[in-house]
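The values are calculated or read from the model by the stated rules, or taken from the named source; none is laboratory data. Predicted, not measured: the structure shown is a model, and the values here were computed from it. Heads up, the Cβs are rebuilt from the backbone with ideal geometry, glycines too, and the neighbour counts pull from every protein chain shown.
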Amino acid sequence: MVTVFVVDDEPVLHEIYYRMLSYNGDSVIAHAYDGEEAVNRYKQMNPKPDIILMDYRMPVKNGIEATEKILQVDANAKIVFVSADIAVKKAAIATGACSFIAKTFTREELLTCIEHIVQEKRKTESEI
Amino acid sequence: MKNILVVDDESIIALNLEEDLKELGYETVGIASSGEQAIEKARELRPDLILMDIAMPGEKDGIDAAEAITAELDIPVILLTAYADEELIKRAKSVKPSGYILKPYDKREVRAVVEMALYKKEAERKLQRVHDELENRVSERTAELTKINEQLTYERDRAEFLADLLRHDINNLNQGIFSSMELLLVLPDFPDQFKDTVRTAFVQSECITKLIERMHILSKVQKRGMALRTINIVPLLTRVIDKVKKSCFQKELEISYNFAVNEITVRGNELLEDVFYNILENAVKYSRRNPVRVDVTVGVVEDGGYWKIEFKDRGPGVPEELKDTVFRRMEHLDRKEFATGLGLTLVKEIVEEFSGTVWVEDRIKGDWMKGSNFIVTLPKG
């Protein structure tokens, strides 16, 4: 089971992520609706989630700013950008996001991406 | 009546000159007897003209005074002198007097020089007025244009902002619809009899994504001034054919292509992929036969400067009266049969931006129902 933290200002997408992931046997363990809330929530979380799904265009702090702050708190955080703004892909990756998924994405795209990152993460952890 | 200021340190000469001027029909406003006084009186009395002797005692001679007056006041000065040595004439010239009279003077000469100086000054002033007026008009017009330009920039930015917002929000909303349909289809106990209905909605949702993407590309094309480079279309066409095969997996496709060489280069950019993709996808989408057959060929246009890429399909064809309008979005909105979304509009915009052309012919000339031949020409790279 993969634990996921969803950050998106669109409530419907939280619902969608929840359904997609829980149907796959994974679990959404926390929600945030803007970048700042995401940073604060992440700081308090224990244990930390395996994956953070991060939107870009959000109030208060955008996804890039939130990613920056979260990585300062936890350099090992695995952040996947999911955004309709394809133009920010480069910036997202440069800031430290593991991957970028363009909206509109398919269920398969999302699950494959998550699975791949989690596998990598576990491999690194077992090597340590 | 023109007012003249007379300047001479010798009062007898000055008085004579004043007398002569009056006889000639001019008014005199006074007499000054030094350079300094001439400047002062000129400031105070604002004469139409100054007649001034050069050799005068004091710090400023006539030439110095003329220089100061010309620089400060818009009054023509005529210089008078008994001496005409080279050096003096050179100095006098340098202050650009309106005239020069040698003493002893001849009354008729005075009249001619004075008239000429006054006439010249008047002409200069007229010219200046026309010039000023023109300049005013130009600056008014410039200000107007600047304002219009600012307004246009504002409108454009606003339109871009709204389009971007719309694209972003529609994408988000569509994600909700798309993913919900997807989820329904993977539910193990979802009733089979509803699956087709869900699939239809699913395909429509995919169309929204494509439409939004095409609109985004179209807005980029319309910004103009795109950078072009040399592109090899052989791997590009191969890739596009693969992509179409993948996205139209419901149909059996026979896309034949035969490129004589491995390198065929044109001038373009990454949007060229959208051009080929849209034409090919269109050909496949509207074909009701199975398997769908499309032949892609590349040749040279007769004059040699262009490559000609042809896409021959066996779809429903395009009747004569629609051959132009299929490329124009607004004119075939009501014709579902030939509606191509933004696809062909996009194709035309991009191809023209690359200095190429695109049109449609019958695959078999004269029989449009046998399918179409979409032809793109692009400048060789």
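Looking across region A:82-102, the residues that are within 18 Å of residue B:174 (Cβ to Cβ), free of Cβ contacts under 8 Å to residues at least 40 places away in the same chain and in contact with a strand residue (DSSP E or B) (Cβ under 6 Å, 6 or more places away or on another chain) come down to A:86, A:101. Filtered by the rule that a residue be away from every other protein chain (no Cβ under 14 Å), on the phi < 0 side of the Ramachandran plot and surrounded by fewer than 23 Cβ atoms within 10 Å (Cβ to Cβ), region A:47-61 gives A:47, A:48, A:49, A:50, A:61.
Counting only residues that are buried (at least 18 other Cβ atoms within 10 Å of the Cβ) and in contact with a helix residue (DSSP H, G or I) (Cβ under 7 Å, 6 or more places away or on another chain), region A:73-84 holds 7 of them. For region A:91-101, the criterion of being surrounded by fewer than 21 Cβ atoms within 10 Å (Cβ to Cβ), within 14 Å of chain B (Cβ to nearest Cβ) and part of a strand (DSSP E or B) is satisfied by at least one residue. Contact map, region B:226-238: residues that are basic (Lys, Arg) paired with residues that are in a loop (DSSP other than H, G, I, E, B), Cβ distance under 7 Å, separation 6+ or inter-chain. Pairs shown: B:229/B:269. Of B:241, B:177, B:170, all but one fail to be β-branched (Val, Ile, Thr), under 22 Å from residue A:87 (Cβ atoms) and in a helix (DSSP H, G or I); the exception is B:170. Scanning region B:185-217 for residues that are facing chain A (nearest Cβ under 10 Å) and either of a type in the set (D, E, K, R) or touching a residue at least 12 places away in the same chain (Cβ under 8 Å) (or both) yields a count of 9. Of all the listed residues (B:63, B:31), the sole one being part of a helix (DSSP H, G or I) and farther than 21 Å from residue B:123 by Cα is B:63.
Restricting region B:161-184 to residues that are among the aliphatic types (A, V, I, L, M) and farther than 16 Å from residue A:106 by Cβ leaves a set whose member that is farthest from the other protein chains (Cβ to nearest Cβ) is B:162. Remark: pairs (first residue in region A:10-24, at the interface with chain B (Cβ under 10 Å from one of its Cβ atoms) and assigned to a loop (DSSP other than H, G, I, E, B); second residue surrounded by fewer than 20 Cβ atoms within 10 Å (Cβ to Cβ) and not polar (S, T, N, Q); Cβ separation under 8 Å; 6+ apart in sequence or on different chains) = A:10/B:176; A:24/A:111.
Just one of the listed residues (A:117, A:70, A:64) is away from every other protein chain (no Cβ under 14 Å), in a helix (DSSP H, G or I) and either touching a Cys at 6+ places or on another chain (Cβ under 9 Å) or exposed (fewer than 14 other Cβ atoms within 10 Å of the Cβ) (or both), and it is A:117. Residues of region B:23-45 that are in contact (Cβ under 8 Å) with a residue 60 or more places away in the chain and acidic (Asp, Glu): B:23 alone. Of the conditions (1) closer than 28 Å to residue B:43 by Cβ; (2) surrounded by fewer than 16 Cβ atoms within 10 Å (Cβ to Cβ); (3) modelled with pLDDT of 90 or more; (4) not small (Gly, Ala, Ser), residue B:89 satisfies every one except a single condition; which number is it? Unmet for residue B:89, out of (1) closer than 28 Å to residue B:43 by Cβ; (2) surrounded by fewer than 16 Cβ atoms within 10 Å (Cβ to Cβ); (3) modelled with pLDDT of 90 or more; (4) not small (Gly, Ala, Ser): (3).
Residue B:78 meets the stated requirement of being closer than 26 Å to residue B:125 by Cβ, assigned to a strand (DSSP E or B) and at pLDDT 95 or above.
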